[in-house]
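Every number here is computed from the coordinates shown, using simple stated rules; none is lab data. Values in this document were obtained by computation on a predicted structure and should not be read as measured data. Using ideal geometry, Cβ is built from the backbone for each residue, glycine included, and neighbour counts are taken over all protein chains shown.
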Amino acid sequence: MDYKAQIAANIANITDIPAEEVFKLTEIPPQLDMGDYAFPCFILAKTMHKAPQAIAANLAGNEAVLKGMENAVEAVAVGPYLNFKIKKDVLAREIISEILSSGDEYGKSNMGEGKNVIVEFSSPNIAKPFHVGHAFTTLLGNSLSKIYSRLGYNVIRMNHLGDYGTQFGKLITAYRLWGDEEALNRDPINELLRIYVKFHDEAVAKPELEDDARENFRKLEEGSAEEVALWQRFRDLSLDVFNQLYDRMGIGFDNYNGESYYAKMADEVVDMLKEKNLLVESEGAQVVPLDEYNMPPCIILKSDGTTIYATRDIAAILYRYRNYQFDKNVYVVGIPQALHFRQVFSVLKKAGFDWADNCVHVGFGLVKFKDNTAFSTRKGNIVKLDDLLNETVAKTREVIVENNKTRGGEMTEEEIDFIAEKVGLGAVTYTYLKAGRERDILFDWDEMLDFEGDTAPYLIYTYARSRSILRKAEEQGYKPSGPDSVSVLTSDEEYALIRSMGDLPDAVRRAAAEYEPFIIAKQVSLIARNFNRFYNNSKIINSDDDQLRAARLTLCECLCDAMKSGLGLLGIDVVERM
Ligand code: ARG
């Protein structure tokens, strides 16, 4: 039963505040012994002409606040708050049966049924290295996609590749002059980067290179076979490299239409804006003024008649709406592009498309490194994701090898490799997602690989520990009992653990509403802390009471489902032992 919703409905019935408002105001008290929910009565003071304390006392005595849950809930006034205490055993049974019935999909719902959500994320640029900033959008977008799917939405994952622009004319020129076939096949991105940098170096003395590049870009736009073939090759080779990274991270997309795809639809955008009389000439360019939105105008066509980034984004939105009638169109792109998206959305709004309000830019912060020397061998300050992953996995492996030694070396090399890869990738992912997305991220290996800290290794280890308890129990013939016998779980640690698992579904909904996976990260982390407290204070397999042992094993089983579900939504895999 959704007690919070029922409480809200009941209070709404006897006051003049709508249920949604009550729902929003209702809090979880800071300490468990204060109850499960608290409604602050301040808001009623005006209309009821009484002090909040008196109102709380009054409501506590009104049977109607408990309608439909009389046997499970008690209402008490605590100062200006009306607190609700759900009978521990009733709530525990409900939470545990919910977890056991949904397994590692715990937290799922059908609130999104029949609705399309587009999540655009990753969107790297062809022929350029995939750096740690692209990793942020990739991991954040992947997590948001999973969260929306879990809530029943139909999610379309889009990768808006940066595969268009005058730089491709330069690449074609550079390739014809200096391209090294063998290097291109072996390490395409570095080779493309090398000739691109060389182009800029040489063009200083030989400006005619720029003319050649312009000419090549023009041919490319006109669809000239040779130039298109070269561009296609650069694109395919780059995408192969990106796909290796995506595969390694277990991430996939439904659509890779890049900017080149939408460039072809620019006419449609121009026609539409012309028809609505929104295009204005300014210094030779065609723009949509956005003064009424307090923004600089959005350029649609440059003075030479070519499109810009924004034109292609507008074309892309029209395409998306036509194909998916999205309920939400989410862009996971760095904060520096905030103005660009506000402009693009405002152009559509001005053109009369009300669904422009359902387009959302989800920005994120910068990525920094505590130990800069770790990557100082590479020139420039861009750090490639590949290097970050390899370095982290190698460091994780060292820790796991050590732990394995102290446990008598029971794991094979193969197993160690497998676990190090999963835990290492998890550590990177968790570092990106553990705090609000607009905060900058600081990579610090000592911190992110601390098996006792707020880290993926700690969380995965907690899962593996619980799994190992269940395995050992099974070997000794002990089984979890299921939801009905949990009334024997009465300690504070047990209740805190159950309660924190019970709050996970709400965390999933809030994470979706705020585009903030860290809300789930925090909940999972709390669950893990509570589990370890329970584990340290209670006998599980060694319990002398059969019923208690079985009920505690049930808790272990629930912990595994809740952790696997929550971590899975962040894009982090668990391992069965470590
Ligand atoms: N390719 C761009 C970059 O690497 C990001 C594209 C963002 N998406 C968009 N629809 N404009 O910065």
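Determine the dipole magnitude for the chain: charges of +1 sit on the beta-carbon of Lys and Arg, -1 on that of Asp and Glu, nothing else is charged, the reference point is the Cα centre, and the result goes in debye to the nearest 20. The partial results should precede the final answer.
Working: 67 positive and 89 negative charges, 189 e Å.
Computed charge dipole of the chain: roughly 900 debye.
Below 8 Å between Cα atoms, with a sequence gap of 6+, how large is the relative contact order for the range 414-464 in percent? Provide the component values of the computation, followed by the final result.
Numbers: 33 pairs, mean separation 17.3, N = 51.
Relative CO of the range 414-464 lands at 34 percent.
Rounded to the nearest 5, what % of the DSSP beta bridges within the chain are antiparallel ones?
Details: 19 of 37 bridges.
Taking every DSSP beta bridge with both residues in the chain, the antiparallel ones total about 50 percent.
Exposure proxy check: 492, 201, 36 ranked by fewest other beta carbons within 10 Å? If you can, show how the numbers build up before the last one.
On the way: 492 12, 201 9, 36 21.
Result, fewest neighbours first: 201, 492, 36.
Going by Cα centres, the range 212-266 and the range 549-578 are how many Å apart?
41 Å
Give me the net charge of residue 224's neighbourhood, meaning all other residues with Cβ under 12 Å from the Cβ of residue 224; Lys, Arg count +1, Asp, Glu -1.
On the way: positive: 218, 219; negative: 215, 221, 222, 226, 227.
Result for the local shell: -3.
How high is the relative contact order of the range 255-350, in percent, counting Cα pairs under 8 Å that sit 6 or more residues apart?
On the way: 94 pairs, mean separation 25.3, N = 96.
Computed over the range 255-350, the figure is 26 percent.
For a quick check: with amide H placed at 1.01 Å from N, whose amide H comes under 5 Å from residue 362's, ignoring anything fewer than 5 positions away on the same chain?
Residues meeting the criterion, in which the H sits 1.01 Å from N, are 331, 332, 333.
Work out from phi, with θ = phi - 60° and the Karplus expression 6.51 cos²θ - 1.76 cosθ + 1.60, the ³J(HN,Hα) of each residue of the range 319-335, listed in order in whole Hz, and give x for Gly and Pro.
Once θ is set to phi - 60°, the couplings for the range 319-335 become 4, 5, 5, 4, 7, 10, 6, 4, 7, 8, 10, 9, 10, 9, 9, x, 4 Hz.
Listing 556, 298 from the residue with the fewest other Cβ atoms within 10 Å to the one with the most, what is the order? All intermediate terms of the calculation are to be shown ahead of the outcome.
Working: 556 21, 298 25.
Ranked by crowding around the Cβ, least crowded first: 556, 298.
Applying the Karplus parametrisation 6.51 cos²θ - 1.76 cosθ + 1.60 with θ = phi - 60° to the phi angles of the range 484-499, what ³J(HN,Hα) value in whole Hz is obtained for each residue in order, glycine and proline being reported as x?
Per residue, the Karplus-derived 3J(HN,Hα) values read 6, 9, 6, 4, 7, 8, 10, 6, 4, 4, 5, 5, 4, 5, 4, 4 Hz.
With an 8 Å Cα cut-off and a minimum separation of 6 or more residues, compute the relative contact order for the chain in percent. Show your work: numbers first, answer last.
Values: 898 pairs, mean separation 89.2, N = 578.
Relative CO of the chain lands at 15 percent.
Is the range 454-519 rounded, prolate or oblate when judged by the Cα gyration tensor, a ≥ b ≥ c being the square roots of its eigenvalues, rounded requiring a/c under 1.5 and prolate requiring a/b larger than b/c? Please report the intermediate quantities before stating the final value.
On the way: a/c = 2.58, a/b = 1.54, b/c = 1.67.
It comes out oblate by the Cα gyration axes.
Can you list residues whose amide H is under 5 Å from residue 301's amide H, if they're 5+ apart or on another chain and H is modeled 1.01 Å from N?
Those qualifying (amide H under 5 Å, at least 5 residues apart or on another chain) are 286.
Kindly identify the chain as rounded, prolate or oblate by the Cα gyration tensor criterion: order the square roots of the eigenvalues as a ≥ b ≥ c, call it rounded if a/c is under 1.5, otherwise compare a/b with b/c, prolate if a/b is larger, else oblate. Can you show the working numbers first?
Numbers: a/c = 2.87, a/b = 1.48, b/c = 1.94.
In terms of gyration-tensor shape, oblate.
Determine, for 148, 261, the number of other Cβ atoms within 10 Å of each Cβ, and report the residues in order from fewest to most.
Working: 148 27, 261 18.
Ascending number of Cβ neighbours within 10 Å: 261, 148.
If you filter the range 62-141 for GluC sites (Glu not before Pro), then keep DSSP loop positions with at most 14 other Cβ within 10 Å, what is left? List each step's numbers first, then the result.
Working: sites: 63, 70, 74, 94, 98, 105, 113, 120; in loops: 70, 113.
Qualifying residues, ordered by number: 70, 113.
Return the percentage of antiparallel bridges among DSSP beta bridges fully within the range 267-369, rounded to the nearest 5 %. Walk me through the intermediate numbers first.
On the way: 7 of 11 bridges.
About 65 percent, rounded to the nearest 5.
Can you tell me what share of the DSSP beta bridges in the range 285-427 is antiparallel? A percent to the nearest 5 is fine. Could the numbers behind the result be given before it?
On the way: 4 of 8 bridges.
Here the antiparallel bridges make up roughly 50 percent for the range 285-427.
In a shell of Cβ-Cβ distance under 12 Å around residue 83, excluding residue 83 itself, what net charge do Lys and Arg (+1) and Asp and Glu (-1) give? All intermediate terms of the calculation are to be shown ahead of the outcome.
Numbers: positive: 85; negative: 27, 33, 36, 74.
Residues near residue 83 contribute -3 overall.
What lysines could a cross-link reach from residue 46, if we take a straight Cα to Cα line under 20 Å and drop same-chain neighbours fewer than 8 places away?
24
Per residue of the range 342-351, in order, report the coupling 6.51 cos²θ - 1.76 cosθ + 1.60 (Karplus, θ = phi - 60°) as ³J(HN,Hα) in whole Hz, putting x for Gly and Pro.
4, 5, 4, 5, 5, 4, 5, 5, 5, 7
Post the alpha-carbon centroid distance, the range 490-520 to the range 89-145, in whole angstrom.
Result: 15 Å between the Cα centres.
Restricting to DSSP H runs of at least four residues, report the calculated mean residue ellipticity at 222 nm for the chain, -39500 (n - 2.57) per run over all residues, nearest 500 deg cm²/dmol. Working shown, then result.
Values: 23 runs with 318 residues, N = 578.
Helices in the chain give a 222 nm mean residue ellipticity of -17500 deg cm²/dmol.
How many angstrom lie between the C-alpha centres of the range 341-357 and the range 156-180?
For the range 341-357 versus the range 156-180, the Cα centre distance is 30 Å.
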